[in-house]
Amino acid sequence: MRNILLVVFCILVVGRSIGQARLVIVEGAKSTVFMQDSAGTPNAESTPTFAPDGKTVYIANNGTICIAKRVGAHWTKPIPISFTGKDKDWDPTLTPDGKGLLFVSNRTYIAADGSTKKGNHLWMSQQTAGGNWSEPRHLDSPVNEFGFVNYGPSISASGTICFCSRDRNGDKGMHAYLCRWAGDHYEKPQKLLLNGNEPTYDPYIAPDERYILFSSDSALYISYRNGQGWSPGEKLGPAVNDAAKAGMLWGPSISRDGKTLYYNGGTADGIEMIPVRWK
């Protein structure tokens, strides 16, 4: 019985310490540009999203979703994937298992009333047995609603989607939303007040939903899971936020090993990356 209690105690302590861990920029670290040696021009359209093995990356380039492979220490030149190129597709993000690709597109869809519509909405493609991607599927209401645009999506291991949307449901300006998967449908999106009622962009939810990175007030923030809610956003370090060019930082995401922060809008032209750690 004593051993059982000790195990339970250790689990609670470890779980609590993990939950309270904070993301910080590695001291003295400076950002560098991601894959500039293989991309034709520095890419500043989206941050990268990686397959589970870390050797395959997807990015958006001029409204086209592209794939690149890591060979040794370098990345191959990004090339378009199968379903993209005809319409404008951007903001790709892989599901944590790497089998789904969520992205934004302005392609045409069929509404519930049978009419044909077009707008910047969220779409999902599934990886096929041959490693290609299926024809994308439009995410229906309540995720996508006609008259509202969605941007900057991310998705957790349980299927929870985060995104930002402008003037949605009477909320003036751009705000972040969280939409939970209920097993056979998505629940109504919930507005996230991560920085008070300030405009919020590009929410990146961790695979285990332990934190959300986002852009607000031209800076990058992080909010931690707090029970069923979220803690007030905390600004990331000055190595990121104080080094920004005029305008806003956007598109934050974290590498699968939790050691690299990717983002756009900093001092360099293109996708930037900087080492981070948990303490």
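Figures for the structure shown
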{"quantity": "Residue pairs, from the table 55/77; 117/188; 55/99; 55/235; 77/99; 99/172, whose Cα atoms sit over 24 Å apart", "calculated": "55/235; 99/172"}
{"quantity": "Share of pairwise Cα separations in the chain, more than 31 Å, in percent", "calculated": "27 percent"}
{"quantity": "Rough spin-label spacing in nm, given labels placed 7 Å along Cα→Cβ, for residue 117 and residue 180", "calculated": "2.6 nm"}
{"quantity": "Check: the chain dipole with +1 on Lys, Arg Cβ and -1 on Asp, Glu Cβ, in debye", "calculated": "500 debye"}
{"quantity": "The chain, accessible surface, carbon-and-sulfur percent (1.4 angstrom probe)", "calculated": "53 percent"}
{"quantity": "Solvent exposure of region 61-154 as accessible area per residue, Å², 1.4 Å probe", "calculated": "50 Å²"}
{"quantity": "Electrostatic dipole magnitude of region 31-121 [Cβ: Lys, Arg +1; Asp, Glu -1; Cα centre; debye, to 20]", "calculated": "180 debye"}
{"quantity": "Heavy-atom surface of region 170-279, accessible at 1.4 Å and reported per residue (Å²)", "calculated": "45 Å²"}
{"quantity": "Size of electric dipole in region 158-279: Cβ of Lys, Arg +1 and of Asp, Glu -1, about Cα centre, debye, nearest 20", "calculated": "200 debye"}
{"quantity": "Anisotropy class of region 168-219 from Cα gyration tensor, a/c 1.5 cut", "calculated": "oblate"}
{"quantity": "Highest-first arrangement of 260-272, 23-35, where packing means the average Cβ count within 10 Å", "calculated": "260-272, 23-35"}
{"quantity": "Whole-Hz couplings from phi, Karplus 6.51/-1.76/1.60, listed for region 63-69; x for Gly and Pro", "calculated": "x, 10, 7, 10, 10, 9, 10"}
{"quantity": "Under Karplus coefficients 6.51, -1.76 and 1.60, residue-wise ³J(HN,Hα) of region 113-120 in Hz, glycine/proline x", "calculated": "7, x, 7, 8, 9, 8, x, 7"}
{"quantity": "Length gained when the stretch residue 79-residue 190 is fully extended (0.36 nm per residue, less Cα-Cα span)", "calculated": "36.4 nm"}
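The values are calculated or read from the model by the stated rules, or taken from the named source; none is laboratory data. In this text, all values refer to a predicted model and were calculated from it rather than measured experimentally. Neighbour counts run over all protein chains shown; Cβ positions are idealised from the backbone, glycine included. Ligands, DNA and RNA are excluded from the accessible area calculation, which covers all protein heavy atoms including side chains. Shrake-Rupley method; radii C 1.70, N 1.55, O 1.52, S 1.80 Å.
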